[in-house]
Amino acid sequence: MADVSHHDEVAQQIRQRFGALDIYMANAGINTITHSADVSEAEYDAQFAVNTRDVFFGVQKLIPIMRNGGAIILTGSLASEKVLDGHAVYAGSKAAINAFARGWAIELKSRGIRVNVLSPGPVDTAILDKLGIPFEQRGLFEKAMAEAIPLGRMGSRKSWQKPLCSLPRTRAVSSRASICGSTAGWQCSEPRLRCRRSNRLPNNG
């Protein structure tokens with residue numbers, strides 16, 4: 001995924017099959033839970049390559065074929081704001097996503113392209129299998145995550161479907177960068193979106 005040529009191929013396929021693009025979601029993400037003192041260069045490079053570099057160049061390659069008034073949705077993480085043990089590198093790579101969104105909101109304002117960041121807490125997805133947690137400790141980890149959430153459980157992929165699908169239709173965030181958290185994580189109970197505008201730009205309709 002971090003190979004830029006992959007995004008060139010995707011853009012070419014979209015152009016050939018559909019002519020243009022209306023919505024683009026960058027959902028790349030890997031995480032290895034390691035204390036900073038023990039992080040290897042390979043771990044650091046891998047997380048920033050997928051979580052940050054891949055997202056940036058994916059958007060860069062697809063912006064030219066996106067129709068005016070389109071929508072870009074990026075997957076961030078509450079880890080970029082909430083301190084979590086062993087998540088320093090992951091948090092840094094996801095904090096960059098918020099910065100990208102602010103920059104793109106300004107750059108794409110004239111085309112009416114909206115930029116949103118979904119910033120979930122713990123969600124039960126395949127990434128849990130790639131955290132580097134020993135199998136015998138997996139149950140304790142999931143239990144600790146669930147206990148830190150008001151509802152006492154992690155979010156699910158299904159719970160994110162409705163809020164995710166609503167973002168491309170949300171005109172209220174036109175020409176703004178919005179970072180949206182869900183109550184499916186630490187700050188949430190149900191998957192209602194809480195969006196805060198990250199750029200106070202003139203809204204020209």
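Bear in mind that the values in this text are calculations on the coordinates, not laboratory data. Note that the coordinates shown come from a computational prediction; the quantities given were computed from them, not determined experimentally. Positions of Cβ are backbone-derived with ideal geometry, glycine not excepted, and every protein chain shown enters the neighbour counts.
For every other residue with a beta carbon closer than 9 angstrom to the beta carbon of residue 63, add +1 if it is Lys or Arg and -1 if Asp or Glu, then tell me the sum. Local net charge: +1.
Among 115, 10, a tally of other beta-carbon atoms within 10 Å of each Cβ gives an order, fewest to most, of 10, 115. The orientation-averaged shadow of the Cα convex hull for segment 1-118, equal to a quarter of the hull surface, comes to 7.2 nm².
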